[in-house]
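**Student:** Here it is, the structure, as structure tokens.
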Amino acid sequence: IMRKPPDSDIKEFQRFIWDYFDSDGREFPWRDTDNHLHALVAEIMLQQTSYYQVLPQYKSFCESYIKPEDVITENTEELENYFEGLGLQSRAEYVKCAAKYLIETDEITQEELLKVKGIGKYTANAFMSVHIEKRYPIVDGNVLRVLQERFEVDEELKTSDDEIWELAWDLLPEIDVREYNLG
């Protein structure tokens with residue numbers, strides 16, 4: 001069982017992440033969009049896929065689809081063209097489910113997002129922290145590696161393990177969560 005790091009270590013780690021983002025953070029079009037459809041599509045496209053593969057597909061998608069209603073009325077096979085070469089064959093279906101959710105909801109919540117097909121904890125939390133600016137941690141393979149190096153986390157742990165998510169919560173700052181998670 002992992003123990004919560006001392007507060008001084010947490011503060012030092014938070015400052016390190018913020019400084020890293022401030023000096024080395026990259027600009028991507030999906031980070032600053034206020035279009036929730038586009039933001040969710042980016043998160044779905046980025047699942048197990050690198051940004052350089054996603055960038056042209058994302059731009060093309062955004063030019064073609066502005067509102068969730070545009071996606072709902074589209075033929076699934078046509079939507080699949082925007083996900084060619086990205087792997088994970090069900091992305092077009094996931095995007096349709098996300099669009100349906102956006103149409104039907106008045107307030108986006110992490111709990112409800114997790115019920116949308118194709119949206120797991122990382123995707124929901126990333127969307128909520130970056131685009132809704134709510135306080136949620138993220139854990140993917142990169143975050144796990146950083147935590148393993150910095151906090152001597154067991155190398156057998158996976159991104160889905162509760163212990164690593166508990167540590168991510170412990171490390172999460174009260175303010176500037178968006179920038180922290182982007183870092």
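**Student:** Being among the small types (Gly, Ala, Ser), open to solvent by less than 80 Å² (accessible area, probe 1.4 Å) and more than 20 Å from His38 (Cβ to Cβ) is the filter here, so list the residues in segment 120-169 that pass it.
**Tutor:** Pass one, segment 120-169, residues among the small types (Gly, Ala, Ser): 120, 124, 126, 129, 141, 160, 168.
Adding the requirement that they be open to solvent by less than 80 Å² (accessible area, probe 1.4 Å) leaves 120, 124, 126, 129, 141, 168.
Gly141, Ala168 - these are the residues of segment 120-169 that are among the small types (Gly, Ala, Ser), open to solvent by less than 80 Å² (accessible area, probe 1.4 Å) and more than 20 Å from His38 (Cβ to Cβ).
**Student:** Let me ask another. What are the pairs with Cβ atoms under 7 angstrom where one residue, in segment 24-45, is crowded, with 18+ Cβ neighbours inside 10 Å and the other, located anywhere, is of a type in the set (Lys, Arg)? Sequence gap at least six, or different chains.
**Tutor:** These pairs meet every condition: Leu37/Lys67; Ile44/Arg91; Met45/Arg91.
**Student:** Under 7 Å by Cβ, and 6 or more places apart or on different chains, what pairs join a residue from segment 144-168 that is closer than 20 Å to Tyr180 by Cα with one that is acidic (Asp, Glu) and exposed (fewer than 10 other Cβ atoms within 10 Å of the Cβ)?
**Tutor:** Every condition considered, the pairs that remain are Gln148/Glu155.
**Student:** Among the numbered criteria (1) open to solvent by 50 Å² or more (accessible area, probe 1.4 Å); (2) farther than 27 Å from Met2 by Cα; (3) at pLDDT 95 or above; (4) not polar (S, T, N, Q), which one does Glu77 miss?
**Tutor:** Result: Glu77 passes all but (3).
**Student:** Can you tell me how many residues within segment 46-74 are among the β-branched types (Val, Ile, Thr), assigned to a helix (DSSP H, G or I) and surrounded by fewer than 20 Cβ atoms within 10 Å (Cβ to Cβ)?
**Tutor:** Residues of segment 46-74 that are among the β-branched types (Val, Ile, Thr), as a first pass: 49, 54, 66, 71-73.
Next cut, assigned to a helix (DSSP H, G or I) only: 54, 71-72.
Applying the additional criterion that residues be surrounded by fewer than 20 Cβ atoms within 10 Å (Cβ to Cβ) yields 72.
Of the residues in that region, 1 qualify.
**Student:** I would also like to ask the following. Evaluate the following for Phe83: is it within 28 Å of Ile17 (Cβ to Cβ), of a type outside the set (D, E, K, R), modelled with pLDDT under 95 and open to solvent by less than 50 Å² (accessible area, probe 1.4 Å)?
**Tutor:** Values: within 28 Å of Ile17 (Cβ to Cβ): no; of a type outside the set (D, E, K, R): yes; modelled with pLDDT under 95: yes; open to solvent by less than 50 Å² (accessible area, probe 1.4 Å): yes.
Judged against the criteria, Phe83 is not a match.
**Student:** Tally time: how many residues in segment 81-121 are over 12 Å from Val71 (Cα atoms) and within 17 Å of the chain's Cα centre (by Cα)?
**Tutor:** So the count comes out to 17.
**Student:** If you don't mind, another one. If Lys117 passes every condition in (1) surrounded by 16 or more Cβ atoms within 10 Å (Cβ to Cβ); (2) in contact with a Cys (Cβ under 8 Å, 6 or more places away or on another chain) but one, which one does it miss?
**Tutor:** All conditions pass for Lys117, except number (1).
**Student:** Quick check on my filter: what residues within segment 1-23 are polar (S, T, N, Q) and open to solvent by less than 70 Å² (accessible area, probe 1.4 Å)? Break it down stepwise before answering.
**Tutor:** From segment 1-23, those polar (S, T, N, Q) are 8, 14, 23; that's our starting set.
Matches in segment 1-23: Gln14 only.
**Student:** Which numbered condition in (1) closer than 24 Å to Gln89 by Cα; (2) β-branched (Val, Ile, Thr); (3) under 18 Å from the mean Cα position of the chain (by Cα); (4) at pLDDT 95 or above is the only one that Thr49 fails?
**Tutor:** It fails just one condition, (4).
**Student:** How about segment 1-45: which of its residues are over 15 Å from Arg150 (Cβ atoms) and not in a helix (DSSP H, G or I)?
**Tutor:** The answer is Ile1, Gly25, Arg26, Glu27, Phe28, Pro29, Trp30, Arg31, Asp32, Thr33, Asp34, Asn35.
**Student:** Kindly list, by first and then second residue, each pair from a residue in segment 63-91 that is at positive phi and of a type in the set (A, V, I, L, M, F, W, C) to a residue that is surrounded by 15 or more Cβ atoms within 10 Å (Cβ to Cβ) and in a loop (DSSP other than H, G, I, E, B), limited to pairs with Cβ atoms under 7 Å and residues at least 6 apart or on different chains.
**Tutor:** Taking only residues 6 or more apart or on different chains, the pairs are Leu88/Gln47.
**Student:** Find the residue count for segment 78-112, including only residues that are not in a loop (DSSP other than H, G, I, E, B) and not hydrophobic (A, V, I, L, M, F, W, C). Can you show your working first?
**Tutor:** As a first pass, look at segment 78-112 and keep what is not in a loop (DSSP other than H, G, I, E, B): 78-83, 91-104, 110-112.
Filter again for not hydrophobic (A, V, I, L, M, F, W, C), leaving 78, 80-82, 91, 93-94, 96, 100-101, 104, 110-112.
Residues flagged as not in a loop (DSSP other than H, G, I, E, B) and not hydrophobic (A, V, I, L, M, F, W, C) within segment 78-112 amount to 14.
The values are calculated or read from the model by the stated rules, or taken from the named source; none is laboratory data. All values derive from a computational prediction rather than experimental measurement. Cβ: placed from backbone, ideal geometry, glycine included. Neighbour counts: every protein chain shown. Surface areas here come from the heavy atoms of the whole protein model, side chains and all, with no ligands, DNA or RNA. Shrake-Rupley method; radii C 1.70, N 1.55, O 1.52, S 1.80 Å.
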